[in-house]
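See structure below.
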Amino acid sequence: MVKNIQYKDTMNVDLHSHTTASDGVLKPQELVDLASERGIDLIAITDHDTMDAYDIALVYPTNLQLIQGIELSCKWGGNTVHILGLNVDRSHNSLKEGIRSQKQIRRERAHKIADKLKILGFTNTLQAALDLSDGGQIGRPHFAKHLVNIGAARSEQQAFKKILGEGKSGYVRADWAELGVAIDWIEHSGGTSVLAHPTRYGLSKTKLLSLFRDFKNLGGKAMEVISGHQLPDKTLELATLCDQFGFLSSCGSDFHRPDESWAALGHVPKLPERCRPVWTDWV
């Protein structure tokens, strides 16, 4: 865990990124190298339900500060939401057991997805998805990529829209950990729980406010005010809500691959002045 962040107002901060340990395309060292090239001061690798990226002895310059992170999938009110755990201690038993449980849930869902795809006439999809994950955390994007490779969809987005997305014939709902359980894993490991990209869940304003209240009451500490490229009005709206609920503020690109300009590593706008950055708690 990082305890002494060298804070300055002009910091280039990106606290949400993915590697080949989950559904990103860059290996952990490649991502760190890109972060250094782009002048990032503070970065977190937040792969889905795994911290395997940190098992590698990453080499990076002293001016780049790397904090340990994870993005946990969890359920709330019949919805799947994502919680970032930032500055966690991955050796803590509570978090280790939680990650082990999440990985098992992913494996079980992958088998069920493959079974559904077989009914639709697509064979050997589980092995293909495992091959594409290359030893990393298996997820729906790997099935989507396979469907593109075999010509069943023109793009991964179309694969989700036609087959893998919610309500489609290849969709399987995962039995993720409850929101409060995921928050406890993070907080007990000494980390800070952050509600990731809150406007991407398709919730009404009423339900979104209910999510914020539950997240706070269950021990959640911060919210992602900026996620990738978003309209300034959306940023100001989230900053206001962050202030209203007393949350710390976080920001990140949600980087997965270099060819996505809307989620470019290190190209994250600055937080509004009214926000209290989540990393100030680590100073």
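The values are calculated or read from the model by the stated rules, or taken from the named source; none is laboratory data. Quick caveat, the model's predicted, so the values are computed rather than measured. Don't worry about glycine lacking a Cβ; one is built from the backbone with ideal geometry, like all the others, and counts go over all protein chains shown.
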Checked segment 29-58 for anything within 19 Å of ASN12 (Cβ to Cβ), within 16 Å of the chain's Cα centre (by Cα) and not in a strand (DSSP E or B); matches are LEU31, THR46
The residue that is surrounded by the most Cβ atoms within 10 Å (Cβ to Cβ), considering only those in segment 59-68 that are of a type in the set (S, T, N, Q) and not in a loop (DSSP other than H, G, I, E, B), is GLN68
Would you say ASP175 is closer than 29 Å to GLY85 by Cα and surrounded by fewer than 16 Cβ atoms within 10 Å (Cβ to Cβ)? yes
Residues being touching a strand residue (DSSP E or B) at 6+ places or on another chain (Cβ under 6 Å), free of Cβ contacts under 8 Å to residues at least 60 places away in the same chain and polar (S, T, N, Q): count how many of those fall in segment 249-283. 1
When you look at GLY139, is it surrounded by 15 or more Cβ atoms within 10 Å (Cβ to Cβ), within 30 Å of LEU265 (Cβ to Cβ) and in contact with an Asp or Glu (Cβ under 8 Å, 6 or more places away or on another chain), yes or no? yes
Out of curiosity, is LYS216 charged (D, E, K, R), in contact (Cβ under 8 Å) with a residue 12 or more places away in the chain and surrounded by fewer than 22 Cβ atoms within 10 Å (Cβ to Cβ)? yes
Looking only at residues that are within 30 Å of THR20 (Cα to Cα) and of a type in the set (Val, Ile, Thr) in segment 229-281, which one is surrounded by the most Cβ atoms within 10 Å (Cβ to Cβ)? VAL278
Qualifying positions in segment 178-200 - touching a residue at least 60 places away in the same chain (Cβ under 8 Å) and either surrounded by fewer than 19 Cβ atoms within 10 Å (Cβ to Cβ) or β-branched (Val, Ile, Thr) (or both): GLU178, VAL181, ILE183, ASP184, ILE186, HIS188, GLY190, THR192, VAL194
Filtering segment 251-283 down to residues that are farther than 20 Å from LEU31 by Cβ and either part of a strand (DSSP E or B) or of a type in the set (A, V, I, L, M) (or both) yields LEU271, PRO277, VAL278, VAL283
Would segment 201-213 turn up any residue that is of a type in the set (Gly, Ala, Ser) and crowded, with 19+ Cβ neighbours inside 10 Å? no
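Evaluate segment 138-156: report whether one residue or more is of a type in the set (D, E, K, R), within 23 Å of GLN104 (Cα to Cα), under 22 Å from the mean Cα position of the chain (by Cα) and not assigned by TED's automatic domain parsing to the domain that holds GLY78.
Yes - at least one qualifying residue is present in segment 138-156.
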Considering segment 59-80 alone, what residues qualify as being under 14 Å from the mean Cα position of the chain (by Cα) and more than 17 Å from HIS18 (Cα to Cα)? CYS74, THR80
